[in-house]
Structure formats: C-alpha cells, structure tokens
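All remarks here apply to the structure that follows.
The values are calculated or read from the model by the stated rules, or taken from the named source; none is laboratory data. Bear in mind that the values here come from a model prediction, so they are computed numbers and not experimental data. Here the Cβ is made from the backbone with ideal geometry for all residues, glycine too, and neighbour counts use every protein chain on show.
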Amino acid sequence: MLLDRDLCLRMAEGPALDELGWSTGTVHGRPLEELVAGEPGRTLVAHCRAALEGEARSFEFPLDGRTHFVEAVPVIGFDEGISGVLAVSLDVTDRQQAEEDLRTSERDFRLLTENATDFVSRQDREARLVYASPSSRSLFGFTPDELAGRSGFDFVHPDDLEHVRQTYREVLRTPGGFRRSASACATRTEATCGPRRAVVASPTTQES
C-alpha cells in the first residue's frame, strides 16, 4: 500500500485487501490509524512514521488472527524529499505454522531416537549418515560423531552389500513406503562380520 505524508491511503492492491475486507474504493484517502484500530494500528502507524523520517522498517504485524511480515520504506518524491511510505505486506502465518510443526516433529524424533535401544539413522541420497542415534555406541562401538558423514554401506558385510544397495535404491523410488532387509553389520571389534541385524528403511521427504 502507498501512504502519503499524512499516512492516508493513496493506493492498495493485493490479496491482503480481500482478507481484511477492504476494497480500493472504500479505503482510498482514509487515515491508516482509522483503518487499523487499537494497538495493532498504533504499532503500524509508529513504523510508518519512522519510514517518513527516512528509516526503513521490517517487522511482523499480527492482525485478525494472522501474522504479516511488513516492510515499510520511504518514498522519495520529485523534489528528492520524502513524499510518503510504501508498505508491502506478506502473510506468513502458514509458513510460521509449518516451521513450528517441523520443529515439533524434529524434537519428537530426537526424543524417540535418543532414548531407543534400536539403532536409528538418517542418511542422504548417497547413503551418507547425517544422523545416528546414541545407541550406535552400544550396538556397534562407534559414537554418532564417528559415524557422521560416513557411508552406511561401509558397515555392511561384503556378501550383503549388493542386496542392501538394491534395497536402498528401491526405498528412494518409493515415497511413503518402506523395505525390510537384513545384513551382517560391522562393529569396531568385528570389522566385517558382526551379528546379522534386521533393517527397516523408509524414505524421508526432506534431505538433510
């Protein structure tokens, strides 16, 4: 939206108008503090007044249960003075909720894996380990830090390697599915022929 030096609306476009129940005709020429009442309005006006003084502002702005990211910048007129404020708003509510859901999911994942007796790992498309649960120490003799960045295939018995590689390729081609396999896994004390272990693999939707 474009505001003049009195912070009256001179132009407004975009989907936010519909969300707020505004139309260009009904808001044109009206003061910003009249359009957005209460504390949210006072906050918005304060940022826009700062922009009138030449200070660009970026801030989050809650309105009607939604969160908007707003950038307010001074508009330079033909006389090279500040003639108004241009404020651009982006509704970031859904993005913030998705980020919070992801943080919650990652927190729950770590709570589960870090207290599990089974070994849980996350690998990239090349099978490099990007996460290994603490049980790696008791099961294989390696700490998670020692496993980080190494290929999961390094710990598979040579007799099982091709089968495990094929299973891994099938997992990558099957979003939402999983595969069961078994392999003798190397440990620190048994470099090539540790005990045979069942493996369950499932693809993730986000690479780390």
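Worth pointing out:
- Any chance residue 70 is part of a strand (DSSP E or B), under 23 Å from the mean Cα position of the chain (by Cα) and not assigned by TED's automatic domain parsing to the domain that holds residue 15: no
- Single residue of 76, 82 found to be touching a residue at least 60 places away in the same chain (Cβ under 8 Å) and surrounded by 11 or more Cβ atoms within 10 Å (Cβ to Cβ): 82
- Residue under evaluation residue 133, criteria (1) exposed (fewer than 14 other Cβ atoms within 10 Å of the Cβ); (2) assigned by TED's automatic domain parsing to the domain that holds residue 171, criterion not met: (1)
- Among the residues of the range 95-154, those that are among the aliphatic types (A, V, I, L, M) and part of a loop (DSSP other than H, G, I, E, B) comprise 116, 120, 127, 148.
- Filter pass, residue 147 being more than 30 Å from residue 31 (Cβ to Cβ) and either surrounded by 13 or more Cβ atoms within 10 Å (Cβ to Cβ) or out of contact with any Cys (no Cβ under 6 Å at 6 or more places or on another chain) (or both): yes
- Options 123, 96; residue that is within 27 Å of residue 165 (Cβ to Cβ) and surrounded by 11 or more Cβ atoms within 10 Å (Cβ to Cβ): 123
- Of all the numbered requirements in (1) touching an Asp or Glu at 6+ places or on another chain (Cβ under 7 Å); (2) modelled with pLDDT of 90 or more; (3) not in a strand (DSSP E or B), residue 16 misses one, and that requirement is (2).
- Flag if residue 62 is within 19 Å of residue 93 (Cα to Cα) and in contact with a strand residue (DSSP E or B) (Cβ under 8 Å, 6 or more places away or on another chain): yes
- Selected residue [touching a residue at least 40 places away in the same chain (Cβ under 8 Å) and farther than 21 Å from residue 173 by Cα] from 140, 155: 140
- Considering the range 107-120, and only residues there that are surrounded by fewer than 11 Cβ atoms within 10 Å (Cβ to Cβ) and within 30 Å of residue 66 (Cβ to Cβ), the residue that is nearest to the chain's Cα centre (by Cα) turns out to be 107.
- Comparison of 156, 85, 92, 130 shows that the only residue that is over 28 Å from the mean Cα position of the chain (by Cα) and modelled with pLDDT of 85 or more is 85.
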